[in-house]
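The values are calculated or read from the model by the stated rules, or taken from the named source; none is laboratory data. Computed from a prediction, not measured in an experiment: that's the story for all the values here. We place every Cβ from the backbone using ideal geometry, glycine too, and count neighbours over all the protein chains shown. Side chains included, ligands, DNA and RNA excluded: accessible areas come from the protein's heavy atoms. Shrake-Rupley method; radii C 1.70, N 1.55, O 1.52, S 1.80 Å.
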Amino acid sequence: MPAQQRRSGAARQMLLAFASLIALVIGFSLASPNFFQVSNIMAILQATSVNGVLAVGVTLIIITGGIDLSIGTLMTFCAVMTGVVLTWAGMPLILGVLTAIGTGAACGLVSGMFVARMKIPPFIATLGMMLMLKGLSLIVTGTKPIYFNDTPGFTQIAQGSVVGALIPGLPLPNGVLILFLVAAVTAWILGRTVLGRYTFALGSNEEAVRLSGVNTDAWKMAIYALAGGIVGIGGLLISSRLNSAQPALGLGYELEAIAAVVIGGTSLAGGRGTILGTLIGALIMSVLTNGLRVLSVAPEWQTVVTGAIIIVAVYADQLRRRKASQG
Amino acid sequence: MPAQQRRSGAARQMLLAFASLIALVIGFSLASPNFFQVSNIMAILQATSVNGVLAVGVTLIIITGGIDLSIGTLMTFCAVMTGVVLTWAGMPLILGVLTAIGTGAACGLVSGMFVARMKIPPFIATLGMMLMLKGLSLIVTGTKPIYFNDTPGFTQIAQGSVVGALIPGLPLPNGVLILFLVAAVTAWILGRTVLGRYTFALGSNEEAVRLSGVNTDAWKMAIYALAGGIVGIGGLLISSRLNSAQPALGLGYELEAIAAVVIGGTSLAGGRGTILGTLIGALIMSVLTNGLRVLSVAPEWQTVVTGAIIIVAVYADQLRRRKASQG
Amino acid sequence: MSDLVRMQGIDKRFPGVHALRAVDFDLRAGEVHALMGENGAGKSTLMKCLSGVYQPDGGRILIDGAAVALPNPRAAQDLGIGIIHQELALMRDLNVAQNIWIGREPRLSLGRIDEARLNADAAAIFRGMNVAMDPRAPVAALTIARQQMVEIAKALSFRSRVLIMDEPTAALNDSEIAELFTIIRRLRAEGVGIIYISHKMDEIRRIADRVTVMRDGATVGTVQAAETPIAQIIAMMVGRELVDEPVAIPDLSAAECALELRGITRGREVRDVSFSLKRGEILGFAGLMGAGRTELARAIFGAEPPESGEIIVHGRPVTIRSPADAVRAGIGYLSEDRKHYGLALGMDVRANIALASLARYTDRLGRIDEQELAAVSNRYIDMLSIRTPHDRQEVRLLSGGNQQKVVIAKWLLRDCDILIFDEPTRGIDVGAKAEIHRLLADLAGQGKAIIVISSELPELLRLSHRIAVMCEGRLTGILPGGASQERIMALATRREGMAAE
Amino acid sequence: QDAMYIPLISKGFQHQFWQAVKAGADKAGEELGVNVSFEGPDNETQVDKQLDMLAAALANKPAAIGFAALDSQAAIPQLRQAQEAGIPVIAFDSGVDSDIPVALAATDNIAAAAMAADKLAELIGGAGKVAVVAHDQTSRTGVDRRDGFVNRMKEAHPDVEIVAIEYGGGDHLKSTEITKALLTANPDLKGIFGTNEGSAIGVVNGVTEAGASDVVIVGYDSGKAQTDAIRDGRMAGAITQNPVGIGYETVKAAVAAARGEQVQASIDTGFYWYDKSNIDAPEIAAVLYD
Ligand SMILES: Nc1ncnc2c1ncn2[C@@H]1O[C@H](COP(=O)(O)OP(=O)(O)OP(=O)(O)O)[C@@H](O)[C@H]1O
Ligand SMILES: Nc1ncnc2c1ncn2[C@@H]1O[C@H](COP(=O)(O)OP(=O)(O)OP(=O)(O)O)[C@@H](O)[C@H]1O
Ligand SMILES: [Mg+2]
Ligand SMILES: [Mg+2]
């Protein structure tokens, strides 16, 4: 049965995509007995949550053939605005959540407008946004962190564990749950909805889409706004983890998120990519960082080894795919 | 006469490309009497030298459709190796210069091999290189800076002024002279030689070049090596300015250099770009930073304004080009 | 005459496709050997094996009687095998001369390129081809037809002993084809062996010595061109006889006006064009290369909105600033450049067919009804006999002609009232072409208004109810269907200065 | 029996200052026969990276932990986790808003910067324009040193005007460019304070490149470039902390706490002003590092 064969082939394919990740996990488990333990696995997942959410957001933009350098500082700006609403204005928690997502979506829309309407290359448009948002976060907060001590339950957003309450012994932090939720919804949007279809189509051949009578500008702006909203969730997660909005944070997070996306097999040229791949990419990065730390590798060697393993992991993936496309 | 017309049209075009830069200079000159003075202009040029050289190097790679995230840390690694050769081994100056360029070229070649032979996406290959080189600089130096106190004349490389000795009143630092030299030679390579031709061709349609029987892999590696060598010159300049090789420096310089390239009108999609544009882009960035500081704008507002002006400058350029292509 | 090339038992598989099954083919020096077959028969694949792009899974290739290995394009070039690929393989950011000599630049010292000689050599080739072309023009600014000219010039520059031409004339019009044939005859006289692929049947008679027909990845047979009736070749290709139906011009005097243009102007390419089109009418557009037909179509469609003039759809003036406006007004446009303007090559057949009509298959949550889409796209795959393993195959893996059919399917599915087809049958085989002609006639029968731009006069004559002719951006006249070729050519060459006379 | 394992989670590791802390920690580790590891994020904004490091350190079940908090609150949940697991925490360099750490080994950055203000005011004759090239706008040390300097100036030296505060991220080259721009904007600048090693060296470079040799420079921390600049007079003097002492005392306290001994809650490792006159004095030479 060709359909079934295709399906099982896809499953094998998917499993193989995990190969680098699994190899890393096995390697570290053998090297240190402290690595493969529930608490450490939870720590790794928790460490993935913020970067993972950012990476999921930027995956959308990269699939359109764009790039977003502003996600790191946008995350911070969303956290800051949440702090303003919750701590300074004393609003209820739910409004804080909406502020984070709304701020992200609004800023994403602005980036999208720069790119789609004003035809500014995404690299420049989002570089400008990155700088503006970085400055704005410092201006709004007066360069001091905003703490969420007056909002009970705020730290529960990322640090609590709904799963742990239901299944004792599996203290999965809510932050990770939210990451999986965001990833699942985004994957659904990409795979099943018009928005997702246009995301791929824009990255594949924008001019052909425009000449099909699609209002490409509007769709592109929608995609940037959606990505911004997801980054807003990232801002919520990080401020919940730190119980504060740190205005100087954020620079450099964009590179890490983009790296996770590319390690996950999404092409910077646009047109192809998966959320699952991005998740795996983000996990590879966290496992690597955590594992090397657990092994107490000297920090300067950690960077060297991380660099080398990233290259090897992507190379292995490359070989696997080349074989798959031939066989 | 059509030929003449074309020439004068090109000249006008070129002048217009400077428009954003000139507008900035005029604006700052009006805003502060301290801005447009020989010493400050020299300071701006000097501030452009390192970033300018890096940007020229990475322009080559971006024209091939690639990207290089390792230039910042590679610059540092070249500086470190120069320190090893000059200060630790006590070799003569000229060997230090060769070491800087040679180290850069060798590392560039390795990146090129990752990209061309192993088909690792440039983003990942150079991200890996960036991390590895960052760690290596720390390891080689034992995280301590290497000083060039024992190499007389080393600081003259960037800080001396051959021009100033010949023409009093024009204290153009050697670093700037070197930047112009590097830019001129690179522009010549791009415009007149086979290597330059293949740089554009690879970025335009690599598969077509390959189908034409060109050994694309070898040429790509050569281009990455050349870019690496240029980055090595950047390493020489920065260590001469600081009279030391600072092993922890370098991260973040790549983004600034890439930004200069893109502001200068080179497309990240590859196939088109000019060295002159890159120089203008780098100058726009330095003028902006210097001008805002001279105006004593608050640092957090400096970032905001920088972001906004970058977007506006590129947008203005965009409009100009669109008009030019229509008229 | 000895065999220059002999390919024996060539086999090639792609995932899900057995593209070549033990194909035999031979070429002699000093002959033009036509390779024919339906879309997806395996012609291009066979030629890619011969030019070192693909490695065959089985069989062998002999040059001058000796078995050779062709691991890469360079090896083939070194053996004197040159190829013009079906899909243009140009570097769009480089200029014409740079494209032609890529990899073989004349060098001075220090790795410098002798730019003057490069340009002079390129200019010489174009002179030999009798084509006016500025060697310094950037390729991205050229129309498809002129890009094709560059490809031909590039192939000629190799001075190969074996020259493969994979649909070189798909984008050319009659006078350019005539020029190309002059070149081919000259090369043949010089002893070059030429493999010629085309879907234009009339060309076979004019140029080919022998014809080899392929079907479903296998050779059907090789015949002498001069002795074999075209009908027989077609029968070999499609496995049945085709009958040409002459155009029946319907009486449209009562039909309402679907589209009217008044004084549409855009730059120098489209100047003051006015005409009207009725429901149920097929209006053909003839003209020489660069006459401005494509520009006119793009202006109507809003791809590059007109600077002045009025567009009236179904009696109501509409403003069209973008393709989205045009599609909303019920206008569809099939571009002549499928690769750049028609297809999302990395996406699958189904997604491409649905690209213009997604809204119709989407619920309020934005979910796409994949099941419905699968059914619809399979219907079009059957209707246009698109050769693809399944509707989830990436379009870039289809043969050129099948890609073209996917674009057609996209616009058929969109169901516009007014359809503009720019070179709709480019690269499409005879059988499918007849199918598409019937389809266009049917669409007109259902009351749609259709504009067909084609560089093939016979096609226009077979299809059009009226024929509009353009020259240098102006509409020089509209002739009734079935007008003589002479009258069309007269209008197509009536320049502005002459018009004043 | 396995040697005790004590990880130190610092604010950084690439800078000279942190390397000196590490040297002190390693020295104590050797003397006391314990395994010490030392780690910190790339820059002082990466609060969450530090938390991840803390998590990884806890996974290794250490005997005690040394922690230099980037944010006074963010790490409290993790520290509580350590407390529950019976792992004592020693804070160093900066404390946290919690009583979990059993000790804090640190320098009073505010007082140290105030001393720099006094010295600079004295050196320029009690009046004139000065500027600050700080290394960070938000990190604890950056803020404390800036504020310590600025507030002291305002209180004790009303005739000294602080015309600008710029931030160079501790990057030598950026601080150089900033200094040159400062000198352009304020040709009558009399003195500049650089708040860490990179900033101070940048100021020296900038002043040298601009040829403004009469500008008085006061620095912070040590390192060869700074001691050289002080020796040849390009820099008037600098504040140094005792980073080696911080590292040493942290590990010492950690070992004691892990053994269940009582430890002193506040360990002030002190700071010193040094200039040409006392740079070779034994008590100063002991706290300087190259
Ligand atoms: N790289 C590839 N991967 C998968 N299938 C391929 C690939 N290249 C070609 N095919 C398939 O091989 C078959 C033969 O294609 P080919 O391009 O040789 O046809 P063709 O005879 O040249 O057709 P046309 O007249 O339309 O150009 C087609 O079914 C096509 O889909
Ligand atoms: N001989 C030529 N010289 C220069 N430019 C040309 C030439 N032929 C075509 N062009 C370009 O083509 C454009 C108009 O061609 P257009 O594609 O609209 O014509 P067409 O009638 O559709 O011809 P084609 O058969 O090539 O598609 C003009 O913008 C012009 O720049
Ligand atoms: Mg073909
Ligand atoms: Mg046309």
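Applying the criterion of being hydrophobic (A, V, I, L, M, F, W, C) and open to solvent by 20 Å² or more (accessible area, probe 1.4 Å) to the residues of region C:185-200, the residue that is nearest to ligand 1 (Cβ to nearest atom) is C:187.
Residue-by-condition table, conditions (1) within 16 Å of ligand 2 (Cβ to nearest atom); (2) more than 25 Å from residue C:465 (Cβ to Cβ); (3) not charged (D, E, K, R):
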residue: C:289; (1), (2), (3): yes, no, yes
residue: C:304; (1), (2), (3): yes, yes, no
residue: C:337; (1), (2), (3): yes, yes, no
residue: C:347; (1), (2), (3): no, yes, yes
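Close contacts from region C:408-434, counting a first residue that is hydroxyl-bearing (Ser, Thr, Tyr) and a second that is open to solvent by less than 10 Å² (accessible area, probe 1.4 Å) and within 14 Å of ligand 2 (Cβ to nearest atom), with Cβ to Cβ under 7 Å and a gap of 6+ residues or different chains, come to C:425/C:459.
Name the residue, out of C:77, C:98, that is at the interface with chain B (Cβ under 7 Å from one of its Cβ atoms) and farther than 22 Å from residue C:141 by Cβ.
None of the other options fit; the residue is C:77.
Sort through C:397, C:343, C:413 and tell me the only one that's hydrophobic (A, V, I, L, M, F, W, C), within 16 Å of ligand 3 (Cβ to nearest atom) and surrounded by fewer than 24 Cβ atoms within 10 Å (Cβ to Cβ).
That would be C:397, the only listed residue that is hydrophobic (A, V, I, L, M, F, W, C), within 16 Å of ligand 3 (Cβ to nearest atom) and surrounded by fewer than 24 Cβ atoms within 10 Å (Cβ to Cβ).
Among the residues making up region B:239-263, those that are assigned to a helix (DSSP H, G or I) and within 28 Å of residue B:65 (Cβ to Cβ) are B:253, B:254, B:255, B:256, B:257, B:258, B:259, B:260, B:261, B:262, B:263.
Residues of region B:47-87 that are within 11 Å of chain D (Cβ to nearest Cβ) and open to solvent by 10 Å² or more (accessible area, probe 1.4 Å): B:47, B:51. Would you confirm whether any residue within region C:421-433 is crowded, with 20+ Cβ neighbours inside 10 Å, at pLDDT below 90 and in contact with a Ser or Thr (Cβ under 6 Å, 6 or more places away or on another chain)? Yes, region C:421-433 contains at least one residue that is crowded, with 20+ Cβ neighbours inside 10 Å, at pLDDT below 90 and in contact with a Ser or Thr (Cβ under 6 Å, 6 or more places away or on another chain). The residue list D:68, D:56 contains one member that is open to solvent by less than 30 Å² (accessible area, probe 1.4 Å) and closer than 22 Å to residue D:288 by Cα, which is D:68.
At least 1 residues that are buried (at least 24 other Cβ atoms within 10 Å of the Cβ) and either out of contact with any Phe, Trp or Tyr (no Cβ under 6 Å at 6 or more places or on another chain) or of a type in the set (Asp, Glu) (or both) in each: list the helices (runs of 4 or more DSSP H) lying fully within region D:184-290 that qualify.
Where helices (runs of 4 or more DSSP H) fall fully within region D:184-290 and carry at least 1 residues being buried (at least 24 other Cβ atoms within 10 Å of the Cβ) and either out of contact with any Phe, Trp or Tyr (no Cβ under 6 Å at 6 or more places or on another chain) or of a type in the set (Asp, Glu) (or both), they are D:197-210, D:224-231, D:243-258.
Just one residue in the set C:377, C:399 is more than 13 Å from every other protein chain (Cβ to nearest Cβ) and within 18 Å of residue C:19 (Cβ to Cβ); that residue is C:399.
All but one of (1) more than 14 Å from chain B (Cβ to nearest Cβ); (2) at pLDDT 90 or above; (3) in contact with an Asp or Glu (Cβ under 8 Å, 6 or more places away or on another chain) hold for residue C:173, so report the exception by its number. In the conditions (1) more than 14 Å from chain B (Cβ to nearest Cβ); (2) at pLDDT 90 or above; (3) in contact with an Asp or Glu (Cβ under 8 Å, 6 or more places away or on another chain), residue C:173 misses (2) alone.
Could you tell me which residue of region B:211-221 is farthest from the chain's Cα centre (by Cα), considering only residues that are of a type outside the set (S, T, N, Q) and open to solvent by 40 Å² or more (accessible area, probe 1.4 Å)?
B:218
Here is a check on your reading of the model: is residue C:282 crowded, with 19+ Cβ neighbours inside 10 Å and away from ligand 2 (no atom under 16 Å from the Cβ)? Yes: the conditions hold for residue C:282. Summed over region A:131-153, the residues that are of a type outside the set (Gly, Ala, Ser), open to solvent by less than 10 Å² (accessible area, probe 1.4 Å) and under 21 Å from the mean Cα position of the chain (by Cα) give a count of 1. Scanning region C:385-396 for residues being more than 14 Å from every other protein chain (Cβ to nearest Cβ) and near ligand 1 (Cβ under 10 Å from one of its atoms) gives a total of 2. Considering only region A:270-279, I want to know if a residue exists there that is at the interface with another protein chain (Cβ under 8 Å from one of its Cβ atoms) and part of a loop (DSSP other than H, G, I, E, B). Looking through region A:270-279, at least one residue is at the interface with another protein chain (Cβ under 8 Å from one of its Cβ atoms) and part of a loop (DSSP other than H, G, I, E, B).
Comparison of D:116, D:111, D:28, D:20 shows that the only residue that is surrounded by 24 or more Cβ atoms within 10 Å (Cβ to Cβ), in contact (Cβ under 8 Å) with a residue 60 or more places away in the chain, more than 14 Å from chain A (Cβ to nearest Cβ) and over 30 Å from residue B:130 (Cβ atoms) is D:116. For region C:445-487, filtered to residues that are away from ligand 4 (no atom under 16 Å from the Cβ) and of a type in the set (Val, Ile, Thr), the residue that is nearest to the chain's Cα centre (by Cα) is C:450. Among the listed residues C:59, C:80, C:52, C:30, identify the single one that is within 25 Å of the chain's Cα centre (by Cα) and outside the structural domain of residue C:432 (by TED's automatic domain parsing). Step by step, each of C:59, C:80, C:52, C:30 is checked, and only C:52 is within 25 Å of the chain's Cα centre (by Cα) and outside the structural domain of residue C:432 (by TED's automatic domain parsing).
Taken over region A:112-170, the criterion of being more than 22 Å from residue B:253 (Cα to Cα), among the aromatic types (Phe, Trp, Tyr) and within 13 Å of chain B (Cβ to nearest Cβ) is satisfied by A:114 alone.
Screening region B:223-269 for residues that are of a type in the set (S, T, N, Q) and closer than 19 Å to residue D:15 by Cβ and picking the one that is farthest from the other protein chains (Cβ to nearest Cβ) gives B:239.
Kindly indicate which of C:112, C:136, C:146 is open to solvent by 20 Å² or more (accessible area, probe 1.4 Å) and more than 14 Å from chain B (Cβ to nearest Cβ).
Selected residue: C:146, the only one of C:112, C:136, C:146 that is open to solvent by 20 Å² or more (accessible area, probe 1.4 Å) and more than 14 Å from chain B (Cβ to nearest Cβ).
The sole residue among C:297, C:329 that is within 16 Å of ligand 2 (Cβ to nearest atom), of a type in the set (Gly, Ala, Ser) and buried (at least 17 other Cβ atoms within 10 Å of the Cβ) is C:297.
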